[in-house]
Amino acid sequence: MSKPIVITTAITGSQPRKKDNPALPVTPQEQIESTHEAFEAGSSLVHIHVRDEDENSSSDPELFARVQEGIKQHCPGMIIQFSTGGRGREAEQRGAMMHLKPDMASLATGSVNFPSNIYENPPDLIESLAASMKENGVKPEVEVFDAAMLYNAVRLSEAGKIPKPLHVQFVTGIPGAMPTRRKLLEFLVDELHELAPDATWSAMGIGRHQFEVNKWTLQMGGHARTGFEDNVKLGRDALAPNNAALVSLITDVAADYDRYPAGPEEARALLALTSAV
Ligand code: ZN
């Protein structure tokens with residue numbers, strides 16, 4: 001029987017707009033429109049970074065609030081996830097918008113090397129972000145950039161610092177972190193099932209690996225992530241015209257794997273979110 005899949009769209013990454021991808025949505029209005037197109041194409045979860053007027057990564061709660069409000073209005077029930085990611089943002093600012101109570105927020109449970117810097121997530125920062133999420137009723141999406149982060153997330157959930165059931169995003173394909181290898185993903189998923197049997201998971205591949213990893217998760221029973229944050233191309237060469245086109249790559253083949261895109265209500269149930277549509 002066909003099984004639902006939650007498709008996350010990471011609409012905006014940290015790359016410069018004009019150079020790499022003129023279609024990258026950076027203003028709140030562009031982000032709302034791009035999310036709406038992705039929603040119509042079958043995505044039920046949006047992962048959000050905001051940019052300031054100079055298009056630099058920002059932690060301004062005002063910007064998050066505007067995007068959140070527009071998405072709530074135009075994409076009824078879509079799961080809204082704020083990034084607490086580090087690029088271009090000071091540690092103490094990374095959870096500054098949690099009082100807006102998005103449905104979810106990303107939480108990396110360890111540090112890792114990126115190509116030219118360290119993505120620093122020291123233990124006290126992880127715990128303070130987790131505590132802020134708990135206080136505001138925000139479900140963490142655990143971002144696993146390296147295997148140790150999986151075990152740390154399980155430890156934190158056993159200690160009651162991250163609520164159960166866990167939702168984990170396996171991040172692959174960043175040079176210096178975990179490579180995109182199916183055997184590695186299978187191992188990680190197997191470990192997650194053993195250590196946290198009620199957990200849900202998704203996986204992503206950066207750049208040219210994105211669609212390949214999408215197909216693995218369709219087949220393996222996980223959820224999927226796509227969007228300009230991870231990849232801007234439809235295939236080897238063609239630039240994707242928008243985020244929706246990347247979502248459509250997944251929905252177009254979902255039936256081949258006996259999967260169908262979960263709507264917002266179903267996605268909330270699958271991820272055990274308590275917030276209503
Ligand atoms: Zn992100």
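The values are calculated or read from the model by the stated rules, or taken from the named source; none is laboratory data. As the structure is a computational prediction, the values presented were derived from the model and not from experiment. Cβ atoms come from the backbone with ideal geometry, glycine included; neighbour counts cover every protein chain shown. With ligands, DNA and RNA removed, areas are computed over all heavy atoms of the protein, side chains included. Shrake-Rupley method; radii C 1.70, N 1.55, O 1.52, S 1.80 Å.
If Asp237 meets every condition in (1) part of a loop (DSSP other than H, G, I, E, B); (2) open to solvent by 20 Å² or more (accessible area, probe 1.4 Å); (3) over 29 Å from Asp190 (Cβ atoms); (4) touching a residue at least 12 places away in the same chain (Cβ under 8 Å) apart from one, which number is that one?
(4)
It is to be established whether one or more residues within region 184-201 are modelled with pLDDT of 95 or more, under 18 Å from the mean Cα position of the chain (by Cα), crowded, with 23+ Cβ neighbours inside 10 Å and outside any helix (DSSP H, G or I).
Yes, because at least one residue in region 184-201 is modelled with pLDDT of 95 or more, under 18 Å from the mean Cα position of the chain (by Cα), crowded, with 23+ Cβ neighbours inside 10 Å and outside any helix (DSSP H, G or I).
Determine which member of the set Ile174, Ile162 is part of a loop (DSSP other than H, G, I, E, B), away from the ligand (no atom under 16 Å from the Cβ), touching a residue at least 40 places away in the same chain (Cβ under 8 Å) and of a type in the set (A, V, I, L, M).
Testing whether each residue is part of a loop (DSSP other than H, G, I, E, B), away from the ligand (no atom under 16 Å from the Cβ), touching a residue at least 40 places away in the same chain (Cβ under 8 Å) and of a type in the set (A, V, I, L, M) leaves just Ile162.
For region 155-183, what are the residues that are open to solvent by less than 20 Å² (accessible area, probe 1.4 Å), over 15 Å from His223 (Cα atoms) and among the β-branched types (Val, Ile, Thr)?
Ile162 - this is the single residue of region 155-183 that is open to solvent by less than 20 Å² (accessible area, probe 1.4 Å), over 15 Å from His223 (Cα atoms) and among the β-branched types (Val, Ile, Thr).
Considering only residues that are assigned to a loop (DSSP other than H, G, I, E, B) and more than 15 Å from the ligand (Cβ to nearest atom), look in region 89-102 and name the one that is least open to solvent (accessible area, probe 1.4 Å). Before the answer, list the steps.
Keep residues of region 89-102 that are assigned to a loop (DSSP other than H, G, I, E, B), which gives 89-90, 94-97, 101-102.
Those still in the list that are more than 15 Å from the ligand (Cβ to nearest atom) too: 90, 96, 101.
Numbers: Glu90: 119, Ala96: 34, Lys101: 111 Å².
Here the residue is Ala96.
Quick one: count up the residues across region 60-83 that are within 13 Å of the ligand (Cβ to nearest atom) and not hydrophobic (A, V, I, L, M, F, W, C).
2
Of the residues that sit in region 1-31 and are more than 16 Å from the ligand (Cβ to nearest atom) and small (Gly, Ala, Ser), which one is surrounded by the fewest Cβ atoms within 10 Å (Cβ to Cβ)?
Ser2
Identify, from the list Glu194, Glu212, Glu186, the residue that is away from the ligand (no atom under 16 Å from the Cβ) and closer than 15 Å to Leu249 by Cβ. Don't jump to the end; show me each part of the working.
Working: Glu194 fails: closer than 15 Å to Leu249 by Cβ; Glu186 fails: closer than 15 Å to Leu249 by Cβ.
Result: Glu212 is the single residue among Glu194, Glu212, Glu186 that is away from the ligand (no atom under 16 Å from the Cβ) and closer than 15 Å to Leu249 by Cβ.
Filter region 103-132 down to the residues that are under 21 Å from Ala199 (Cβ atoms), touching a residue at least 40 places away in the same chain (Cβ under 8 Å) and open to solvent by 20 Å² or more (accessible area, probe 1.4 Å) and list them by number.
Asp103
Give the number of residues within region 38-83 that are of a type in the set (Ser, Thr, Tyr) and open to solvent by less than 10 Å² (accessible area, probe 1.4 Å).
Keep residues of region 38-83 that are of a type in the set (Ser, Thr, Tyr), which gives 43-44, 57-59, 83.
Narrowing further to those that are open to solvent by less than 10 Å² (accessible area, probe 1.4 Å): 43-44, 83.
Here the count works out to 3.
Would a scan of region 133-143 turn up a residue that is within 16 Å of the ligand (Cβ to nearest atom), outside any helix (DSSP H, G or I), open to solvent by less than 20 Å² (accessible area, probe 1.4 Å) and touching a Phe, Trp or Tyr at 6+ places or on another chain (Cβ under 7 Å)?
Looking through region 133-143, none of the residues is within 16 Å of the ligand (Cβ to nearest atom), outside any helix (DSSP H, G or I), open to solvent by less than 20 Å² (accessible area, probe 1.4 Å) and touching a Phe, Trp or Tyr at 6+ places or on another chain (Cβ under 7 Å).
Working carefully through the options Val253, Val232, find the one that is modelled with pLDDT under 95 and farther than 20 Å from Met104 by Cβ.
Only one candidate passes the filter, namely Val232.
Return yes when Gly86 is within 16 Å of the ligand (Cβ to nearest atom), open to solvent by 10 Å² or more (accessible area, probe 1.4 Å) and closer than 30 Å to Leu150 by Cβ and no when it is not.
yes
For Ala105, indicate whether it is within 15 Å of the ligand (Cβ to nearest atom) and closer than 29 Å to Asp146 by Cα.
Taking the combined requirement at face value, the residue satisfies it.
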